[in-house]
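See structure below.
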Amino acid sequence: MDELADRPLSEWLEIAGATLQERGLDYGDPRDNILRIWKLCRVLGLQLRDPSELVLVFIATKLSRQVESPGREDTYIDLLGYAAILGQSRYTDWHNLDTY
């Protein structure tokens, strides 16, 4: 745990960035994935204004898990990644969803 406390902030960000890149190779652009999930949510009757709100649900899930298991390093890495995805998603023009 001390090693994580002493980890520089830049290293946390580097790890999160590497994780995002690795997952991007497996899953593609996060916005494409978010859009697919958002469309599924709409079919299920869940009403989110746009796909970026779905990222807030992902963040809430990680925060909930963090309460139960606060020592899990990957939770914090994922939160950093989701924060980056949220920023990117908030600046994406979702008005014409069918062309994205």
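The values are calculated or read from the model by the stated rules, or taken from the named source; none is laboratory data. All of these numbers come straight from a predicted model, not from anything done at the bench. Here Cβ is always computed from backbone atoms with ideal geometry, including for glycine, and neighbour counts include all displayed protein chains.
List of remarks:
- Of all residue pairs spaced 6 or more apart or on separate chains, those with beta-carbon atoms under 8 Å, a first member in segment 23-34 that is at pLDDT 90 or above and a second member that is surrounded by fewer than 14 Cβ atoms within 10 Å (Cβ to Cβ) and assigned to a helix (DSSP H, G or I) are P30/G24; N33/Y27.
One line per residue, one yes/no per condition, for (1) farther than 24 Å from S10 by Cα; (2) among the hydrophobic types (A, V, I, L, M, F, W, C); (3) in contact with a Leu (Cβ under 7 Å, 6 or more places away or on another chain):
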{"position": "W38", "(1), (2), (3)": "yes, yes, yes"}
{"position": "S64", "(1), (2), (3)": "yes, no, no"}
{"position": "L79", "(1), (2), (3)": "no, yes, no"}
{"position": "I85", "(1), (2), (3)": "no, yes, no"}
{"position": "S89", "(1), (2), (3)": "no, no, no"}
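- Checking each residue in segment 25-36 for being out of contact with any Ser or Thr (no Cβ under 8 Å at 6 or more places or on another chain) and crowded, with 16+ Cβ neighbours inside 10 Å picks out N33, L35.
- Subset of segment 1-19 that is more than 14 Å from the chain's Cα centre (by Cα) and of a type in the set (G, A, S) - its residue that is surrounded by the fewest Cβ atoms within 10 Å (Cβ to Cβ): A5
- The number of residues in segment 63-79 being aromatic (F, W, Y) and loosely packed, with under 13 Cβ neighbours inside 10 Å comes to 0.
- Counted residues, segment 35-93 - those being free of Cβ contacts under 8 Å to residues at least 12 places away in the same chain, assigned to a helix (DSSP H, G or I) and among the small types (G, A, S): 3
- Boolean, E22 is charged (D, E, K, R), exposed (fewer than 12 other Cβ atoms within 10 Å of the Cβ) and part of a helix (DSSP H, G or I): yes
- Check on Q47, farther than 29 Å from W12 by Cα and either surrounded by fewer than 17 Cβ atoms within 10 Å (Cβ to Cβ) or in contact with an Asp or Glu (Cβ under 6 Å, 6 or more places away or on another chain) (or both): yes
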